[in-house]
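Down below is the structure, laid out as structure tokens.
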Amino acid sequence: MPIAARWCTMRVQKETVGQENKDYRAMKILMSCGDLPFYYLEYIVSILNVPLFYVMGNHDKKVEYSANGQARTAPRGCVNIDNRVAQHKGLLIGGLEGSMRYTRDPRFQYSDPEMHFKVWQMAPQLLSNRIFRGRYLDILITHAPPYRIHDGQDLCHRGFRAFLRFMDLFKPRYLIHGHRHLYGCQQTAVAHYKETQVVNIFGYWVLEWNVYP
């Protein structure tokens with residue numbers, strides 16, 4: 001029997017989560033595409049009590065401080081999936097953090113060759129999925145978009161060619177990204193590249209499908 005799985009990549013408002021809203025209460029897994037503070041991700045996990053996988057964005061901090069001054073380098077109860085592949089109830093998820101390098105600060109910023117290298121570092125895990133599960137990946141979570149898909153003209157918001165190569169080779173069903181804000185009806189949130197649906201989840205996005213373990 002298939003397992004019904006619902007997930008979202010999110011910027012959910014606190015006052016909405018507290019309501020009996022079936023769209024949120026029915027979530028089985030959450031994903032964040034970066035640029036959200038640790039305390040916010042922790043709050044969402046504590047309310048919905050489901051796994052949350054995330055990558056870092058270019059505005060994320062390496063260290064955040066709690067109200068009592070405690071230093072934290074990651075949100076509690078969440079899984080950083082950068083350069084990793086995870087399996088959750090049959091769903092195969094991978095992640096690649098960061099944006100195009102545009103300052104001298106190396107924090108969560110990469111050149112295209114550096115991102116290509118990160119992709120190749122994931123290849124053994126993806127090939128293992130193909131051998132033992134019949135497919136490389138279901139969802140790739142990124143912060144930045146692919147090159148010429150939902151990206152911008154400036155260097156900071158330019159997409160990665162490495163992500164195009166990833167989709168060419170490993171054919172995820174979805175590439176879900178953040179980074180680019182959507183304003184007005186002229187900007188699209190969903191595009192298709194070969195066998196992959198590319199989704200900009202500015203705000204939040206809810207997806208539903210049947211997942212086989």
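The values are calculated or read from the model by the stated rules, or taken from the named source; none is laboratory data. Just so it is clear, the model here is predicted, and its values are computed rather than measured. Note: ideal-geometry Cβ built from the backbone for every residue, glycine included; neighbour counts use all protein chains shown.
Consider the stretch 39-73. How many of its residues are within 16 Å of residue 107 (Cβ to Cβ), crowded, with 19+ Cβ neighbours inside 10 Å and either polar (S, T, N, Q) or touching a Pro at 6+ places or on another chain (Cβ under 6 Å) (or both)?
Count: 1.
Return yes when residue 130 is in a helix (DSSP H, G or I) and out of contact with any His (no Cβ under 8 Å at 6 or more places or on another chain) and no when it is not.
Taking the combined requirement at face value, the residue satisfies it.
Can you confirm whether the stretch 114-131 contains a residue that is farther than 20 Å from residue 189 by Cβ and of a type in the set (Ser, Thr, Tyr)?
Among the residues of the stretch 114-131, at least one is farther than 20 Å from residue 189 by Cβ and of a type in the set (Ser, Thr, Tyr), which makes the answer yes.
Which one of these does residue 179 not meet: (1) touching a Cys at 6+ places or on another chain (Cβ under 8 Å); (2) modelled with pLDDT of 95 or more?
(2) is the only condition that residue 179 fails.
Test residue 104 against the stated conditions and say whether it is free of Cβ contacts under 8 Å to residues at least 24 places away in the same chain and surrounded by fewer than 13 Cβ atoms within 10 Å (Cβ to Cβ).
Yes.
If the requirement is being at pLDDT 95 or above and more than 18 Å from the chain's Cα centre (by Cα), which of these qualifies: 165, 135, 104, 161? Outline the logic, then answer.
On the way: 165 fails: more than 18 Å from the chain's Cα centre (by Cα); 104 fails: at pLDDT 95 or above; 161 fails: more than 18 Å from the chain's Cα centre (by Cα).
Exactly one of 165, 135, 104, 161 is at pLDDT 95 or above and more than 18 Å from the chain's Cα centre (by Cα), namely 135.
Just for the stretch 127-158: of the residues that are of a type in the set (Lys, Arg) and in contact (Cβ under 8 Å) with a residue 40 or more places away in the chain, which one is surrounded by the most Cβ atoms within 10 Å (Cβ to Cβ)?
Let us first name the residues in the stretch 127-158 that are of a type in the set (Lys, Arg), namely 130, 133, 135, 148, 158.
Still in the running and in contact (Cβ under 8 Å) with a residue 40 or more places away in the chain: 133, 135, 158.
Working: 133: 15, 135: 13, 158: 18.
Among those residues, the one meeting the criterion is 158.
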